[in-house]
1. Exactly one condition in (1) surrounded by 15 or more Cβ atoms within 10 Å (Cβ to Cβ); (2) modelled with pLDDT of 95 or more is false for Val109; which is it?
2. Keeping to the range 112-135, report how many residues are open to solvent by 50 Å² or more (accessible area, probe 1.4 Å) and part of a strand (DSSP E or B).
3. If a residue has to be of a type in the set (Gly, Ala, Ser), crowded, with 18+ Cβ neighbours inside 10 Å and under 18 Å from Ser22 (Cα atoms) to count, how many in the range 213-243 make the cut?
4. Scan the range 258-282 for residues that are under 33 Å from the mean Cα position of the chain (by Cα) and open to solvent by 50 Å² or more (accessible area, probe 1.4 Å) and jot them down.
5. Under 7 Å between Cβ atoms, at least 6 apart or on separate chains: pull out the pairs that start in the range 136-147 with a residue that is touching a residue at least 60 places away in the same chain (Cβ under 8 Å) and in a helix (DSSP H, G or I) and end on any residue that is of a type outside the set (Lys, Arg) and open to solvent by less than 10 Å² (accessible area, probe 1.4 Å).
6. Check whether at least one residue in the range 249-260 is closer than 30 Å to Tyr200 by Cβ and either in contact with a helix residue (DSSP H, G or I) (Cβ under 9 Å, 6 or more places away or on another chain) or without any contact (Cβ under 8 Å) to a residue 60 or more places away in the chain (or both), and report yes or no.
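The values are calculated or read from the model by the stated rules, or taken from the named source; none is laboratory data. Every value quoted in this text rests on a predicted model; they were computed, and no experiment measured them. Note: ideal-geometry Cβ built from the backbone for every residue, glycine included; neighbour counts use all protein chains shown. Quick note on the areas: whole protein, heavy atoms, side chains included, nothing else; ligands and nucleic acids left out. Shrake-Rupley method; radii C 1.70, N 1.55, O 1.52, S 1.80 Å.
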Amino acid sequence: MMRSYLLVPADSERKLAGALTSGADALILDLTDSVAPRDKGKARKLATDFLRKHVGLMRPRLFVRINTLASPLSEGDLDHVMTGAPTGIVLSAAAGKDDVMLLGARIAVREALHGLPDGGTRILAIAGDRPDSVLALGSYAGDVARLCGLVWCGDRSAAGIGRQRESDEDDDWGNPAALARNLCLFAAGAAHVDAIDRPYQDFADSEGLAAEAAKAADAGFAGKIAIHPSQVAAINAAFTPDPDAVALAEALIAAFREAGNPGLLAIEGHACDQSDLRRAERLVARAAQITQIRKIVSPSPSDPSGE
């Protein structure tokens, strides 16, 4: 259960080192869009060295965003970074379950080659960022091996159909990006994995970030991508359940247990059914998972190895 994923250009030793103490639950070492073509080789080496140096690090967890499966660079990316036993691989432009399974097969070969646990490397898929990717969101339903989350990437899917502007208005029924966002939420729910919200591009706008993160948490997203360390604290706060809400959920669960788990129960004048119980159980479980995450101390600036 990760609230914040900090995207870090892997071609910068300074940014990689600084990201360790950002407070993020996970780092995404980026080999793709944030790295110039001439620096791809450098990024691979730095990412691999970083992973090897921090093998077994519990917080932040270390993911690597490789180039798309269609790119001739993707196999080389995996050859390098899998030697560092990352927590997971971020799949760009995922066009459905088949892409996840293909990447999973390629990862499995490297796990066997490097003596890593079979199936231990997870996949975080960037989904719904192209028209074909939006149409494939239904394919994730069920249990997809290795998949741990689906990331919604804002207006990229709308750009793919010629959309000239982005709108976040709730009543804009003609907003294709909103459709992709909602489908990503449903797809993640059907796949029993986390839905992760898009990056907020204006990292100087702390109020806008906080508002968007809170809205995403209310909608059902489990976390959000950060593009700057200054965004991490607000994201973590937005996706950490409110203690009062957790207490109410625990009280509801206790009331159902005491009543013998009925289908319907009146609590303080409100009718609560099994769907309310399931929602309360999810909230309490999420709060417990986040409590465990917060107990894990990130490496200090004076001890970047975490040892």
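1. (1)
2. 1
3. To start, the set of residues in the range 213-243 that are of a type in the set (Gly, Ala, Ser) comprises 213-214, 216-217, 219-220, 222-223, 226, 230, 233-234, 237-238.
Now drop any that are not crowded, with 18+ Cβ neighbours inside 10 Å, which leaves 213, 216-217, 222-223, 226, 234, 238.
Filter once more, so that each one left must be under 18 Å from Ser22 (Cα atoms): 213, 223, 226, 234, 238.
Summing the residues that are of a type in the set (Gly, Ala, Ser), crowded, with 18+ Cβ neighbours inside 10 Å and under 18 Å from Ser22 (Cα atoms) in the range 213-243 gives 5.
4. Within the range 258-282, the first condition is being under 33 Å from the mean Cα position of the chain (by Cα), and the residues that meet it are 272-282.
Once the filter is applied, which keeps residues that are under 33 Å from the mean Cα position of the chain (by Cα) and open to solvent by 50 Å² or more (accessible area, probe 1.4 Å), the range 258-282 yields Asp273, Gln274, Arg278, Arg279, Glu281, Arg282.
5. From residues that are touching a residue at least 60 places away in the same chain (Cβ under 8 Å) and in a helix (DSSP H, G or I), there are no pairs.
6. Going through the range 249-260, the residues closer than 30 Å to Tyr200 by Cβ turn out to be 249.
Among the residues that remain, those that are also either in contact with a helix residue (DSSP H, G or I) (Cβ under 9 Å, 6 or more places away or on another chain) or without any contact (Cβ under 8 Å) to a residue 60 or more places away in the chain (or both) are: 249.
Yes, that holds for at least one residue.
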